[in-house]
Each structure stands twice: as C-alpha cells, then as structure tokens.
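A short write-up of the structure that comes next.
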Amino acid sequence: DERFPALKHGRWIGIGISSGNRLKELGKDKLIDLASRLLALAPDIRIALVGAPADSRLAGELLAALQATNTAGDRLLDTAGQVPLARLAALIDRFRLYVGVDSGVTYLADARGVPVVDIMGPADPEDQRPTGERALIIRRDLPCAPCSHAFRAPYACATGTRACILETDTNDVIAAIQKGLFDETRGI
C-alpha cells in the first residue's frame, strides 16, 4: 500500500492482532511475546500490525509496550484500521510472512502466496485451513478442540479457559517459522 512507504524496505512480517471471532484472539501478552521474538530473529525484520478499526487501541498498546523494550525502534508499523478492505491484498503482498489466528486475513495471505503461520486455536483444520505450500498450522491437541467448525462457530469457550489459544507455546510458533519458513537465501 502506497500509504506505507516503509514497507518497501526490510523484511516485513504481518501479525494479525485479532479476529472477527474474539474467541480466537491471542491477546496482548502473547502478541507482545510473539512480536518481540520475531524482531530478535534478525535485525532487518520488521513487524506490521494488522487489524480492523476496532483494533486500533490494542495496536497502540502493543506499539507502546514493544517500543518500551528499546529493541523495536522503527521496526514496527501499525496498519490496524488504516487499510480499507479493497487495499488489504496490496498490503499483504508486501509481507514476507504472515502470522495470525485462523481468520479471513490469514486465508487472504495464503491465497496471495504469502507464507503463513496459522494458529488454529478452536478451529477445525479438517473443515478449512490455509492450503498453500508454505502454510504452517500450529494447533494444541486438546480434548475440547476443535470446537469451532465452518458452519458452527462458538463465540465463547465451552470450558472457560481458551486453552487452545492461551496454551499455544510461542516457542512452537517461532520454531515452526525457523524450520519451515525462515530461509536466508530466499528471505522469509
């Protein structure tokens, strides 16, 4: 998107900070941990926070927390609520990688050929999932999951724990990225 000239330089990773179904959201602490670890992978990695207009406050909180660590510098960009749906694909095309929960934006990134890491949470990967050759699925094996299906999606956790999301280990996400997608010869 031409409104974000910074996207022309560096290796940009898009991070989906929310979902239309709040049951699937990673939450502020997990997002900070994930972004911090991604920034630590290499000095030229940059993070673009992707979300809807309703996510602007969360994006601001994430930026403030990440910039307070003094490691982020100018390597962060908030696009939450700033990109109309008609321009979202152009933004996503700038990413070397997209990390998000099972959501429409994750599927759009996959359809555009951008490598994705899909944190499935409550969603059933047998119903639907990214199918690109560089799509990785992260999913906790829990007796209560999957509970969300393509035509039957709950908006509250039946156990009250959201364990399928909150117990997803950021180490697993980073390891998947490093093993499957991080390639210095092609870039992420």
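Quick one: which of V50, V101, V116 is in contact (Cβ under 8 Å) with a residue 60 or more places away in the chain and under 29 Å from A150 (Cα atoms)?
V101
Are there helices (runs of 4 or more DSSP H) fully within region 1-119 with at least 3 residues that are in contact with a strand residue (DSSP E or B) (Cβ under 8 Å, 6 or more places away or on another chain) and either open to solvent by 40 Å² or more (accessible area, probe 1.4 Å) or under 27 Å from C164 (Cβ atoms) (or both)? List them.
Per the criteria, 28-41, 56-67, 104-111.
Checking the structure you have, find out if any residue of region 142-155 is touching a strand residue (DSSP E or B) at 6+ places or on another chain (Cβ under 9 Å), over 21 Å from A52 (Cα atoms) and open to solvent by 60 Å² or more (accessible area, probe 1.4 Å).
No, because not a single residue in region 142-155 is touching a strand residue (DSSP E or B) at 6+ places or on another chain (Cβ under 9 Å), over 21 Å from A52 (Cα atoms) and open to solvent by 60 Å² or more (accessible area, probe 1.4 Å).
Among the residues of region 157-169, are any within 15 Å of the chain's Cα centre (by Cα), over 13 Å from K24 (Cβ atoms), of a type in the set (S, T, Y) and open to solvent by less than 60 Å² (accessible area, probe 1.4 Å)?
Looking through region 157-169, none of the residues is within 15 Å of the chain's Cα centre (by Cα), over 13 Å from K24 (Cβ atoms), of a type in the set (S, T, Y) and open to solvent by less than 60 Å² (accessible area, probe 1.4 Å).
Search region 64-86 for residues that are among the basic types (K, R) and pair each with any residue that is open to solvent by 30 Å² or more (accessible area, probe 1.4 Å) when their beta-carbon atoms are under 7 Å apart and the residues are at least 6 apart or on different chains.
R75/R46
Exactly one condition in (1) under 21 Å from A35 (Cβ atoms); (2) modelled with pLDDT under 90; (3) basic (K, R); (4) more than 15 Å from the chain's Cα centre (by Cα) is false for R152; which is it?
Among (1) under 21 Å from A35 (Cβ atoms); (2) modelled with pLDDT under 90; (3) basic (K, R); (4) more than 15 Å from the chain's Cα centre (by Cα), the lone unmet condition for R152 is (1).
The values are calculated or read from the model by the stated rules, or taken from the named source; none is laboratory data. Not measured: the values here are computed from a predicted model. Cβ coordinates were reconstructed from backbone atoms using ideal geometry, including for glycine residues, and neighbour counts include every protein chain displayed. All accessible areas refer to the heavy atoms of the entire protein, side chains included, with ligands and DNA or RNA removed. Shrake-Rupley method; radii C 1.70, N 1.55, O 1.52, S 1.80 Å.
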